[in-house]
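Rule-based calculations on the coordinates, nothing more; no lab input. Everything quoted here is computed from the prediction, not taken from an experiment. Here Cβ is always computed from backbone atoms with ideal geometry, including for glycine, and neighbour counts include all displayed protein chains.
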Amino acid sequence: NGQTEEQTLDMVIVGAGFAGIWLLNRLRQRGFKAKIVEAGSDLGGIWYWNRYPGARVDSQYPVYALSIPEVYDDWTWSSHYPDHNELREYFKFVDERLHIKKDCVFNAKVTDAVWDDAECVWSIRCDNGQKFRTSFWTACTGFAAKRYFPDWPGYEDFKGTMFHSSFWPKEGVDVRGKRVAVIGTGATGVQITQEWCREIGDHGNLEMFQRTPNLACPMNQVYMTKEEQKELSKGLPERFADRNNHYNGFLYQWRENLTYDHSPEEREEFYRMLWKLGGFRFLMNNYYDMTRNATANQEAYNFWRDRVRERVKDPRKGALLAPTERPHLFGGKRLSLEQDFYDQFNKPNVDVIDVRTNPIERFVSDGIVQKDGTHHKLDMIALATGFDSITGGLKDMKVLGIDGEQMSEKWRLGTWTYLGISTARFPNFFFTYGPQAPTAFSNGPSCIEIQGDWIADVLSDMRDKKLRKIDADPQAEAEWKELVNDLIKDTPRGSVDSWYNGSKPREHLNYAGGIPRYKKTLEEVRANDYDGFHLS
Ligand code: NA7
């Protein structure tokens with residue numbers, strides 16, 4: 001309302017997802033005054049927004065959770081890969097235990113943050129008029145805070161129902177008997193397609209518009225009984241701690257042996273074993289060289305393709321979903337996990353539409369027209385077109401640092417961070433699960449707990465030493481960028497075009513050194529008097 005009183009704080013946290021909650025909890029434990037500002041009207045971060053059909057986490061139980069004893073001691077998940085409803089229940093439970101909401105301002109989006117170098121204080125303003133004066137602030141906005149809409153003409157002409165995956169109505173939509181389209185085949189598009197194929201029934205029709213096939217792997221969902229849940233929760237502290245020993249923050253990682261250490265028969269057996277275990281294992285628990293060597297990668301691709309082709313009976317659909325020629329290096333793009341996604345394409349009323357060779361030309365009142373004039377009559381469209389990933393949400397805020405320099409301007413031609421957590425000339429400002437950190441290559445909670453703890457340590461150390469300002473050194477930042485580029489060079493994720501590489505400009509935005517090395521680096525920087533930062 002513009003009249004809201006200005007609050008003075010030690011830390012403003014933007015975003016009430018895993019990262020924001022973790023950081024708030026830590027700062028409270030240390031006696032800091034902090035508040036969360038959240039654009040949504042409840043806790044959950046991405047899980048507040050993710051309500052599309054089939055939305056489900058694909059980090060396998062129990063790693064995708066906060067390692068806070070007050071929470072995990074009494075919480076159980078019903079399956080290895082819980083859905084969005086259960087995740088919101090989880091956040092409700094987190095609040096019951098930690099009373100997070102009493103320090104949250106909901107329905108408020110940060111618009112401006114301005115640094116005062118003389119006072120060492122940030123002035124933060126929200127779109128609802130709320131203002132803060134704060135010594136520090138952290139953007140816990142994750143990598144998907146800004147939706148992406150390709151610039152197709154005619155969106156507004158479409159008279160049917162259309163939603164972006166991350167802006168789905170709470171009450172859901174009824175697709176029974178409807179003609180529907182899903183645009184996009186990322187992790188989201190696969191989940192919506194799989195779910196809608198069931199929901200449309202025999203009289204509906206689904207078309208999945210695909211530019212690039214998703215090399216989706218079996219989820220092999222496991223539902224747990226209450227007794228199993230109890231039994232499994234016994235070793236939780238050790239398992240949470242063990243996340244930090246694995247590259248991706250999961251409880252498994254690449255093997256030490258190589259693809260051709262095994263005979264073709266042994267290899268087949270090994271692949272089948274991973275396939276059966278499900279989850280990301282076929283990608284991330286595979287031979288070490290699977291993501292480093294093109295021939296080894298091809299071997300894995302062939303296995304994957306043959307398994308999918310066995311399931312999709314129509315050769316045309318099969319060739320589009322699992323092409324004979326590898327469309328890109330396996331693991332170069334984020335794969336999805338599926339249960340019966342591929343089997344759904346055996347229904348006569350489910351099809352895959354190739355928009356690589358025949359792109360979407362425009363939206364019209366009753367559907368979509370492709371370049372060659374093919375007209376798809378539709379009642380409903382799900383836009384699973386993803387996000388202006390990793391830096392989009394950060395660049396959307398007007399952040400002014402030393403001498404009024406604007407962060408979006410600093411990052412216009414490329415992103416510069418130190419440790420994937422701060423950026424030079426924007427003192428006392430941090431971000432989590434963002435650019436040049438292990439973000440897209442790691443299990444979210446694993447990464448954000450490490451970053452949150454480090455940020456809390458910075459505040460404690462500065463309080464102890466009566467310091468007021470911390471700013472990254474531009475040289476340290478340049479070296480960090482070089483390291484990020486260096487680490488990713490030999491991996492498929494470095495060479496394949498995907499959201500891993502942001503949007504404008506395309507660049508390497510993920511730290512590929514893995515969770516253990518990242519954690520160690522942060523600890524070393526702290527132990528060496530914040531090497532690479534200026535403190536005053
Ligand atoms: P993604 O993975 O960015 O997927 C977006 C999809 O939209 C992808 O298949 C794109 O095709 C497709 N897309 C984007 N623009 C177009 C145009 N112009 N024409 C056709 N298709 C297009 O977003 P998700 O929401 O699925 O997943 C984001 C992450 O959230 C996910 O990886 C998890 O980590 C959680 P493309 O593949 O680029 O050819």
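Between the Cα long axis of helix 444-464 and the first principal axis of the chain there is an angle of about 0°, rounded to the nearest 10. From the Cα gyration tensor of the chain, with a ≥ b ≥ c the square roots of its eigenvalues, which class applies: rounded if a/c is under 1.5, or else prolate if a/b is larger than b/c, or else oblate? In terms of gyration-tensor shape, prolate. For segment 13-119, trypsin sites (Lys or Arg not before Pro) are listed when DSSP marks them as loop and at most 15 other Cβ atoms sit within 10 Å of their Cβ; the list is Arg30, Lys33.
Can you put Met224, Met219 in order, fewest other beta carbons within 10 Å first?
By the 10 Å Cβ count, ascending, the order reads Met224, Met219.
Shown here for segment 340-435: GluC sites (Glu not before Pro) in loop regions (DSSP other than H, G, I, E, B) with at most 14 other Cβ atoms within 10 Å, namely Glu405. With neighbour counts taken as other beta-carbon atoms within 10 Å, the residues Glu86, Glu507, Glu338 rank, fewest first, as Glu86, Glu507, Glu338. Given +1 at the Cβ of Lys and Arg, -1 at the Cβ of Asp and Glu and no other charges, the dipole of segment 398-536 around its Cα centre is 360 debye to the nearest 20.
Relative to the longest principal axis of the Cα atoms of the chain, the long axis of helix 515-527 lies at roughly 10 degrees. Under 5 Å between amide hydrogens, built in the peptide plane, is the criterion, and for Arg179 it picks out Asn205, Asp379, Met380 among residues at least 5 positions away or on other chains.
Rounded to the nearest 20 debye, the dipole size of segment 327-448 about its Cα centre is 420 debye, using +1 on the Cβ of Lys and Arg and -1 on the Cβ of Asp and Glu.
Does segment 318-360 come out rounded, prolate or oblate by the C-alpha gyration tensor, with a ≥ b ≥ c the root eigenvalues, rounded set by a/c under 1.5 and, if not, prolate when a/b is larger than b/c and oblate if not? Numbers along the way, then the final one.
Working: a/c = 1.89, a/b = 1.17, b/c = 1.61.
Oblate, because a/c is 1.5 or more while a/b does not exceed b/c.
Tell me whether segment 178-335 comes out rounded, prolate or oblate; compute the Cα gyration tensor, take square roots of the eigenvalues as a ≥ b ≥ c, and use a/c under 1.5 as the rounded threshold. Judged from the Cα gyration tensor, segment 178-335 comes out oblate (a/c at least 1.5, b/c at or above a/b). Applying both filters, DSSP loop and at most 12 other Cβ atoms within 10 Å, to the trypsin sites (Lys or Arg not before Pro) of segment 395-451 gives Arg412. Once backbone amide H atoms are built at 1.01 Å from N, Ser389 has Ser503 as its partners under 5 Å, excluding neighbours fewer than 5 places away on the same chain.
Rounded to the nearest 10 degrees, the inclination of helix 84-98 to the longest alpha-carbon principal axis of the chain is 20 degrees.
About its Cα centre, the dipole of segment 25-159 is roughly 320 debye, where the only charges are +1 on Lys and Arg Cβ and -1 on Asp and Glu Cβ.
In this structure, Asp202 and Glu265 have a Cβ-Cβ separation that, at R0 = 45 Å, corresponds to a calculated FRET efficiency of about 0.55.
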